[in-house]
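Step one of this worksheet: look at the structure below.
No value in this document is a laboratory result; all are computed from the given coordinates. The shown structure was predicted, so the numbers you read here are calculated from the model rather than taken from an experiment. Positions of Cβ are generated from backbone atoms using ideal geometry, with glycine treated the same way; all protein chains shown enter the neighbour counts.
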Amino acid sequence: MTLVSKTFELYGKTYTLESGELAKQATGAALVKQGDTTAHVTVVVSKERKNYDFFPLTVDFIEKMYAVGRIPGGYLKREGRPSDKATLTARMIDRPIRPSFPDGFRNEVHVVATSLVADQINPIDVICTMGASLAMTLGGVPFEGPLACVRIGRNKETGEFIVNPTYEERENSDLDLELAGTRDFISMVEAGADEISEEDMLAAMQFGQEAIGAFCDAQLEFVEEWERVNGPIEKKEYPLDQPNEEVHDRIFAHYDEMAAALHDADKLARQDKVAELKEAIKAEFTDEELVEWEREIPVNLKKLEKTAMRRMVVETGERVDGRAADEIRPIMVKGNYLPLVHGSGLFQRGQTQVLSVLSLGMLNEGQRLDTIEPVEGKRYMHQYNFPPYCTGEVGRMGSPKRREIGHGNLAERALLPVLPSEEEFPYAIRVVSEVMESNGSSSMASTCGSCLALMDGGVPIKRPVSGIAMGLIQEEGKTVVLSDIQGLEDFLGDMDFKVTGTERGITALQMDNKATGLTFDILRTALEQAKVGRAFILDKMLEVVPGPRTETRPSAPKIQCITIPTENIRDVIGKGGETIRGIQDETGASIDIHEDGTVYVGGVGESVAAAIERIELIVKVPEVGEEYTGRVVSIQPFGAFVNLLPGKDGLLHISRVAKGRVEKVEDVLNVGDEVKVTVIEIDERGKISLDRLDKPEVPAGTERPERSERRERGDRPGRGARDNGARGFDRPTRERRERGDRPSRRPGDNSGRAPRRHHEAE
């Protein structure tokens, strides 16, 4: 096997396909690059055929931190559980590959995409599908390929579509559309958009289809070069589940019974009827036949149910629950559903019910992202939970599954375009959607429920958002587009097409398609029908919750933003964070300080105002003439130091502590006393001089004697004939200022201690 590498340019970007050097024991392997971003994709197909009635495909995307030159955090210093982005990338690869395998394929297939280099310019996700397609082609795996995935952006200024935009180009785009498939049809769509029209979205999808074709052609050119260098690719043969006419005919003899069992609007009742019928049909087979046809019987029972449901729609125009193709299930909406929480909303459509709950917090409570992408975190988080009880089943509850992460991400993208900016609403926002009942379209119900919770919580969204899931039935040459599909129509239908948006346009899309006959005319019909359905649902929501509250609920934190000089940031934080912790502990508020001097203060009740007052006092600069009520913090022979503001003291000179002259400051002031003062001077070094406003009279017997009196009394001991009276006792010498009130000593006075001799041993 010889290394083959091909570099080509498409739509202004450079790509490289490579194989033949790495992972030679895999069924197929390929290296794919966009710029310097590099992904290695392998495919392994098991040799043994599994006894399953489904296709056992597993796709993993492995984020390696070495791809961006980082060492993983944590004690083990190795990659752990996949991030949400890694999970979403794995789903992006899986969804177009799964329907490309032939019916009846039961060998296990494992696709592993590993990030080798992430250049922080070009995303790695979409190129992995091309890598998987090439690996399967080179490995001789039977699938309808080649496949490719592209991302389509649109420049906000020019309106020009961009294929596989860089991170920088995505910042200036009002569309983030990912679609995958073959040259002839689209099998997967995922999109977020800034309220764009149906026509613009359709145009973007058509442009994307052309781009997919170009990348499929590039793969075919690589395969030609590969076969020229390494010889023809050996197409591997795998046994497929073959139709068994006898089993098919015996089971399909019960077609009318199945059609009757399906015709029930209640999900659980319908499931019970169908299950009973299937058991009755299985009972017609002998034990030997059940063993011999253990795969064929379940496959044909599922096919019977699928055929009966689909023919009912295309032949009668009526669905299993009695609705017309464009009819929406009954809707129930409740806002302000839970007490004390920051916001809540209950949305029910048919037998799908979702309770969404809002939590607001400081911006620093947003999610930090540790991925290979140049994204540090996100402020808005939506999480979707799908517990077993919502479908009446028993199961394990643990970490979110791929489906939950994918549905949560869809609802998150649906609401992102209408959220207020950080400047308008300085909160981290988390919404959790709890699926209480499920019979299809639970992700769209979570979108509607989340919108209700945001409005109930006083989040000033630009416009409300609703969502609907569309379906498709292509049977016997007929095509029917279904609005608001339920679980059975999703499972047995040809398309699951979810659309969210406002009255102005689309905010998010998600589509999984199994029909090769899906045309853009059908997509246009689906989008227009979805627009009508979204409007109907939105009207029902606004009847109950007309719009966002004018302010957040009392239980939610109040967050205010102030700005302080950057040179004062360290004063507010304090040594080792002592000051800011003290403010938070005393007020109960949360404080988040940014490097630019922006300070976010959050809390409930009066805590925010109290904390802001403390911060403003710290950064305030006293001015001459201002009056304060301060506390004496220190007394010196020359005066008292009074605390005016946090971290700011001023000197109240001894001559200004009382009316008249005092011998000692302590005669009229003590540490801890409150005193009213005014600022009389601030020197160039920032030293503050004060004057007392409420000077008391000097207490009797504490007045400082005049200098002449003191000289006459001779009460200056230790001075001999020297007369330093000009200096007086009201200004202590430098020596005394340094030593405080220690009594002076004459030379040689050791206070009774024996003098030390230099020759004595120490």
Full-stretch length increase - residue 638, residue 46 - with 0.36 nm per residue and alpha-carbon distance subtracted: 203.9 nm
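List the trypsin sites (Lys or Arg not before Pro) in the stretch 1-68 that DSSP assigns to loop (not H, G, I, E or B) and whose Cβ has at most 14 other Cβ atoms within 10 Å. Which are they?
Values: sites: 6, 13, 24, 33, 47, 49, 50, 64; in loops: 24, 50, 64.
Within the stretch 1-68, the qualifying trypsin sites (Lys or Arg not before Pro) (loop, at most 14 other Cβ atoms within 10 Å) are 24, 50.
Hand me the GluC sites (Glu not before Pro) from the stretch 235-291 located in a DSSP loop with no more than 10 other Cβ atoms within 10 Å, in residue order please.
Numbers: sites: 237, 245, 246, 257, 276, 279, 284, 288, 289; in loops: 237, 284.
Listed in order of number, the matching sites are 237.
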Spatial separation of Cα centroids for the stretch 43-91 and the stretch 237-266, in angstrom: 36
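Under the 0.36 nm per residue contour assumption, what length would be gained going from the current alpha-carbon distance of residue 624 and residue 287 to full extension?
On the way: separation 337, 0.36 × 337 = 121.32 nm, distance 10.24 nm.
This chain segment gains 111.1 nm when fully extended.
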Over the chain, relative contact order from alpha-carbon pairs under 8 Å, at least 6 apart, %: 9
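So if each residue of separation counts as 0.36 nm, and I subtract the Cα-Cα distance between residue 567 and residue 586, what length gain in nm does that give?
Numbers: separation 19, 0.36 × 19 = 6.84 nm, distance 2.42 nm.
Residue separation times 0.36 nm, minus the Cα-Cα distance, leaves 4.4 nm.
Rounded to the nearest 500 deg cm²/dmol, what is the calculated helix-only ellipticity per residue at 222 nm for the chain, with -39500 (n - 2.57) per DSSP H run of length n ≥ 4?
The helix contribution divided over the chain gives -9500 deg cm²/dmol.
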Over the stretch 4-230, relative contact order from alpha-carbon pairs under 8 Å, at least 6 apart, %: 20
Cross-link reach list, lysines versus residue 47, counting only Cα pairs under 17 Å and skipping chain neighbours closer than eight places: 24, 235, 236
Rough spin-label spacing in nm, given labels placed 7 Å along Cα→Cβ, for residue 674 and residue 516: 8.8
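Please tell me the relative contact order of the stretch 129-179 in percent, rounded to the nearest whole number, where contacts are Cα pairs under 8 Å and at least six residues apart.
On the way: 67 pairs, mean separation 16.4, N = 51.
Over the stretch 129-179, the number comes to 32 percent.
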Between the stretch 552-601 and the stretch 175-232, the alpha-carbon center distance in angstrom: 50
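List the GluC sites (Glu not before Pro) within the stretch 572-665 that DSSP assigns to loop and that have no more than 10 neighbouring Cβ atoms inside 10 Å. Can you show the working numbers first?
Working: sites: 578, 586, 595, 606, 613, 616, 623, 626, 627, 663; in loops: 595, 606, 623, 626, 663.
Within the stretch 572-665, the qualifying GluC sites (Glu not before Pro) (loop, at most 10 other Cβ atoms within 10 Å) are 595, 623.
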Net charge dipole size for the chain [Lys, Arg +1 and Asp, Glu -1 on Cβ; Debye, nearest 20]: 4760
Mean-position separation - Cα centroids, the stretch 123-159 and the stretch 289-360, in angstrom: 32
Acute angle (nearest 10 degrees) that the helix 578-587 long axis makes with the longest principal axis of the chain, alpha-carbon atoms: 80
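As a footprinting exposure proxy, order 110, 40, 254 by other Cβ within 10 Å, with the fewest listed first.
Working: 110 16, 40 23, 254 19.
Listed from fewest to most nearby Cβ atoms, that is 110, 254, 40.
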Residue list for the stretch 453-482, given a label point 7 angstrom along the Cα-to-Cβ vector of residue 550 and an amide N cut-off under 14 Å: 458
Positive-end residue, the stretch 245-316 charge dipole about Cα centroid, Cβ charges, pick of 254, 300, 314: 314
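About the Cα centre of the stretch 627-692, how large is the charge dipole given +1 on each Lys and Arg Cβ and -1 on each Asp and Glu Cβ? Please answer in debye to the nearest 20. Before the final figure, lay out the partial values.
Details: 10 positive and 11 negative charges, 10 e Å.
It comes to approximately 60 debye.
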Principal-axis tilt of helix 198-230 within the chain, Cα atoms, nearest 10 degrees: 70
Option label - Rg/Rh (Cα atoms, Kirkwood Rh) computed here, alternatives (i) 1.21; (ii) 1.10; (iii) 0.99: (i)
Phi-based couplings in Hz for the stretch 160-176 (Karplus 6.51, -1.76, 1.60; Gly and Pro marked x): 7, 6, 10, 8, 6, x, 6, 4, 5, 5, 5, 5, 9, 10, 9, 9, 9
Set of the stretch 339-379 residues, backbone N closer than 14 Å to the point 7 Å along the Cα-Cβ line of residue 269: 351
In degrees, nearest ten, helix 296-316 long axis to first principal axis of the chain (Cα): 90
Listed pairs 302/540; 50/302; 303/478; 33/378 exceeding 26 Å between Cα atoms: 302/540; 33/378
